[in-house]
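Where a number appears in this text, it was derived from the coordinates with a stated rule and is not lab data. Note that this is a predicted model, so its numbers are computed, not measured. Cβ placement follows ideal geometry from the backbone for every residue including glycine, while neighbour counts extend to all protein chains displayed.
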Amino acid sequence: MNISCAAIYIRLSLEDDDILCGKQESESVTNQRNLLMDYIRNSPDLCHADVLEFCDDGYSGKNFDRPGVKRLLEAAQSGAVQCILVKDLSRFGRDYITVGNYISRVFPFLGVRFIAVNDHIDSIRKGDIDSIDTAFRAIIYDMYSRDLSKKVRSAKHQLAKRGVYINPVAPYGYQRSPKDKHLLIPDPHTADTVRRIFTLVAWGASTAEVARILNAEGVPTPSQEKAGTSSGHANWANNYWRPQTIHWIIRDRQYIGSTVFGKRVRKRIGVQRQVKAELKDWIVVDDRHEPLVDKSLFQLAQEQLGGEFKQTAGYVKWDNPLSRKVYCGVCGYAAVRCGKAKPYYRCATPLTVPDMACFQERIYAEDILEAVTAAIRMQARCAVELKHIADEQRANREGTLRSLRKEHQSLASFQRQLTGQIEKLYEDLIGGVLSKNDYTQQKAALLQRQELTRQREAEIAEHIAEISSTDTGYVEKYSSYSDLDVLTSEIAADLLNRVTIWPDGRLEISLNYLDGYLSTFENKS
């Protein structure tokens, strides 16, 4: 198998943080990279290949919902890479069923060679693919991951029960102690703001009034304070204080010196999404660090919010296609859904941010639904008209791909011939058939041809990737909705990106898959 482009895949995970004792140096990104590059340099059939790197830092191997591995698999499917190298099977994944399926079925079908260096697995050796040893390794890595995750979880719970602060981010108003990262100390920049929030609420100010005061004074929000630091988070991009933020602060027992752990949990190992834990399962240990407010002030603030915090039993979820889809065009925040008999949307930002020119009129949900449904029906009619164009293009693409792959194979064969000629030149030099000057000139000519051939191979591989990734989702998604009558949550989740409302009442509807619509015309032209 001629390898013109090889891919190295590197993964570092919290699984490697061995029971909170620090990452093993052998697992670091740098060491994985060095190991794989050394292997490539010392491998005669890989040393001349172009190398692409794909990396996932901080992702579990229990699932394949990782950006780096997704891009790697897309490159393999498009023919852009012919070989994948990993440090060991566990770096590629710890789910033995999925890993085994890729090694024994998917990669051989795609013509992609798979190498796990430390496990001495190379799919070019047929016995390595379905060997009992390989299967056992995958199972052991899976079992090890599950066992380690359980141990890490158990260790964290034991630390939390002792009152050790192990959450990854310090709450607003606090910072980690420079001497002990598991101890919280007041943040001199934000602690007074927390104290003021509790005082204002205890005196009778509503959460909206407190947010309005802080916004008027230009006090940085928690996300603004943490922006650009290791504690920053994309989901916290709030430029304005909001009532809910004030509510969260008032309800947080950490401000009276308690540690709180386990408010959100993962339902099972390997699942990234967290869900709210029941209040009875929270781990709360009192008097563990310096409080920002005394307990009497904390209690007064709780009473202003209706008494001690009680977790709601839950709510009945209704079919709302516009859930988390409607936003204000001025402030960018989600609009609030109000009313039950005849629900409508409005922007709540002007209630807490002075002089914000957000939309103030009621925009009824039924009007938004009607506009979105009409937009989908219009796209559906276009999709039906374009379906026959897509069918013709699909046939043309298949023909083009066959031609490109055939040329790619020919170039690969020519590369092997050139490599053989270079090796023969060296033998002639050693045997005295060629002078050193003739050897140097002829080798330079062959290397130049080899480089030109390699460049052409790369161009073809890129072209194959572009054609293979052509988006036909637009036609497939919209063509069946030309008679759409009722917009359901399922349809909206798939087709509707967002609805933006502007102060003049204008609705800006953003639908998914429209890039496929544009690419259809581009390919047609």
Going by a ≥ b ≥ c, the root eigenvalues of the Cα gyration tensor, does segment 43-124 fall in the rounded group (a/c under 1.5), the prolate group (a/b larger than b/c) or the oblate group? rounded
Contour excess over end-to-end distance, with Cα ends at Arg105 and Asn239 and 0.36 nm allotted per residue: 43.3 nm
Provide the per-residue ³J(HN,Hα) series for segment 281-290, in order, calculated from phi with Karplus coefficients 6.51, -1.76, 1.60 and θ = phi - 60°, each as a whole number of Hz, with x at glycine and proline positions. 8, 5, 9, 10, 10, 7, 6, 10, 8, 5
Under the 0.36 nm per residue contour assumption, what length would be gained going from the current alpha-carbon distance of Glu462 and Ala341 to full extension? 38.0 nm
What spacing in nm lies between the two simple spin-label points modelled at Ser403 and Leu52, each 7 Å away from Cα in the Cβ direction? 2.3 nm
With a 10 Å radius around each residue's Cβ, average the other Cβ atoms per peptide and rank 156-165, 344-353, 398-407, highest first. 344-353, 156-165, 398-407
Once you order the gyration tensor axes a ≥ b ≥ c over the Cα atoms, which shape class does segment 298-382 get: rounded for a/c under 1.5, otherwise prolate or oblate by comparing a/b with b/c? oblate
Compute the length gained on full extension between Tyr364 and Trp502: take 0.36 nm times their separation in residues and subtract their Cα-Cα distance, giving the result in nm to one decimal. 48.3 nm
Can you give me the long-range amide H partners of Cys55? Hydrogens built in the peptide plane at 1.01 Å from N, cutoff under 5 Å, separation of 5 or more residues or another chain. Ile10
Explain nothing, just compute: Karplus ³J(HN,Hα) = 6.51 cos²θ - 1.76 cosθ + 1.60, θ = phi - 60°, for every residue of segment 338-355 in order, whole Hz, x for Gly and Pro. 10, x, 10, 5, 9, x, 9, 10, 8, 8, 8, 4, x, 5, 10, 10, x, 6
Starting at the first residue of segment 5-12, write each ³J(HN,Hα) from the Karplus equation 6.51 cos²θ - 1.76 cosθ + 1.60 with θ = phi - 60°, in whole Hz, x for Gly and Pro. 9, 10, 10, 9, 10, 10, 9, 10
Restricting things to alpha carbons, find the Rg to Rh ratio for segment 68-108 using the Kirkwood radius for Rh. 0.93
Cβ-Cβ FRET estimate between Gln455 and Ser177, R0 fixed at 60 Å, reported to 0.05: 0.60
Gyration tensor (alpha-carbon) shape descriptor, segment 39-91, a/c threshold 1.5: oblate
